[in-house]
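Bear in mind that the values in this text are calculations on the coordinates, not laboratory data. Just so it is clear, the model here is predicted, and its values are computed rather than measured. Backbone-built Cβ (ideal geometry, glycine too); neighbour counts: all protein chains shown.
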Amino acid sequence: MNMRGKIALVTGASSGIGQATAERLAKAGYKVYGTSRRAGTTGQRSFELLSLDVARDESVDAAVQKVMQLEGRIDLLVNNAGFGVAPAGAEESSIEQAQSIFDTNFFGIVRMTRAVVPHMRRQGDGRIINIGSVLGFLPMPYMALYSATKHAVAGYSEALDHELRTLGIRVSVVEPAYINTPFDANLMKPDAPLDVYREIRASVERRVKEVLVNADGPEVVADVVLKAAMATHPKIHYAPGLARRMRMLRRFAPTSVLDAGVRKDLRLEA
């Protein structure tokens, strides 16, 4: 499939998965517009970086309108913008913090989709690829809120694909496992920490850092995004790299075995 002349919009493209994806799409022939809350970030790139905060309606509308004014169409939307949450007990985040996490990680995707779909609908075609997580189908203890946002992304993506397919628009969700990116250097800490969770919080955080040492790089995700974008008959769910094994375990392993495996891996008491 020839991507020359195709226009892609990638959110959260200043680093990590977003930057790797934007670079990979540009190499494949797409004209790529990446976005970042800090569009002035320096560095040599093969794509233009626009200012966009997915948590603000007016910012979303302005960025989409700019691309439409410049190019007249958007063929591919990659919803990648989001932030990580440091391991913590579910009750250690206030309602306000929980809402903030959802506002970016889930409702940011909803805002972008609402802004772009009308243009794709008029075009009669388009692709939307949402970046989810294995935590969207295999939730992790002490990551309850982040897992919940990724469950929401998975459900939204699947329903949306059914709705838009008859209009020539396809939706996929790419669900990686841990990825070794700067994403994990700026994790949101709980705003209502409790001493009862202090030791287990530190233990889980140490385990996560151990896993990240051998984690996939962002290029693994970028390659799968391109595969989904180019597929004649795209799948709804893609599990890149190490996530494939976790998807198979979720599908075929007994719940009791998975439950025990998760607790053992995180070194939690039975």
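Phi angles of the stretch 103-112 translate, via the Karplus equation with coefficients 6.51, -1.76, 1.60 and θ = phi - 60°, into HN-Hα couplings of 4, 8, 6, 10, 5, x, 5, 4, 4, 4 Hz per residue; Gly and Pro are given as x. For residue 213 and residue 248, a Förster radius of 22 Å and the Cβ-Cβ distance give a FRET efficiency of 0.45, rounded to the nearest 0.05. Taking R0 as 25 Å, what FRET efficiency do you get between residue 58 and residue 223 from their Cβ-Cβ distance, rounded to the nearest 0.05? Computed FRET efficiency for residue 58 and residue 223: 0.15. Full extension of the chain segment joining residue 45 with residue 96 gains 14.8 nm, where the gain is 0.36 nm per residue of separation less the Cα-Cα distance. Ranked by the mean number of other Cβ atoms within 10 Å of their residues, highest first, the peptides 29-36, 250-257, 239-246 fall in the order 29-36, 239-246, 250-257. From the alpha carbon centroid of the stretch 169-227 to that of the stretch 80-100 is 13 Å.
In a simple Cβ point-charge model (Lys, Arg +1; Asp, Glu -1; nothing else charged), the chain has a dipole of about 940 debye relative to its Cα centre. Reported to the nearest whole Å, the Cα centre-to-centre distance from the stretch 1-74 to the stretch 240-270 is 35.
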